[in-house]
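These notes are about the structure you will find just below.
Coordinate-derived values only; no laboratory data. Everything numeric here is computed off the predicted structure, so don't read it as measured data. All Cβ positions, glycine included, derive from the backbone under ideal geometry; neighbour counts span all protein chains shown.
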Amino acid sequence: MPTRTLPGDGGYQEAIGGPACGLPAGGTTFGTQPGAGTPTTPAVAASPVTFTNATRNIQAFHVDGVAATTMTLTKRGVVIASAVDAAANNCSLFCLLGPGEAVIVTYSGAAPAVHIDTP
């Protein structure tokens, strides 16, 4: 199937061609996008710590707590999730980050693990 790079897009590709209507079954598709790839596990600094999505893709942001940790996620000044892991249950918090969006992770106790996945 022929592809073309869209002007000024930094690597996005539009698929052209496909079944009867001339497009793939679901419409126009896009190929590899900048920032997509293997999930990362960045280091977590002292609380509070801000993580910003610097890609053009939506990111899945996971925070995994450890025993005796209290965690809070704040986006655009609003607390969107919180958890208290008092019994070593390894509580997890999750949110999606759009391009340019940031989340603030506040915690007490041991530093949680952060995992960022860009599909």
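How do the peptides 65-74, 43-52 rank, highest first, by the average count of neighbouring beta carbon atoms within 10 Å per residue?
Values: 65-74: 18.6, 43-52: 12.6.
Taking the mean over residues of other Cβ atoms within 10 Å, the ranking is 65-74, 43-52.
Given 0.36 nm per residue, what is the gain on full extension from Val78 to Asn90 after removing their alpha carbon distance, in nm? Walk me through the intermediate numbers first.
Numbers: separation 12, 0.36 × 12 = 4.32 nm, distance 2.36 nm.
Stretched fully, the Val78-Asn90 segment lengthens by 2.0 nm.
Taking N as the number of residues in the range 49-117, what is its Cα Rg relative to 2.2 N^0.38 Å?
1.07
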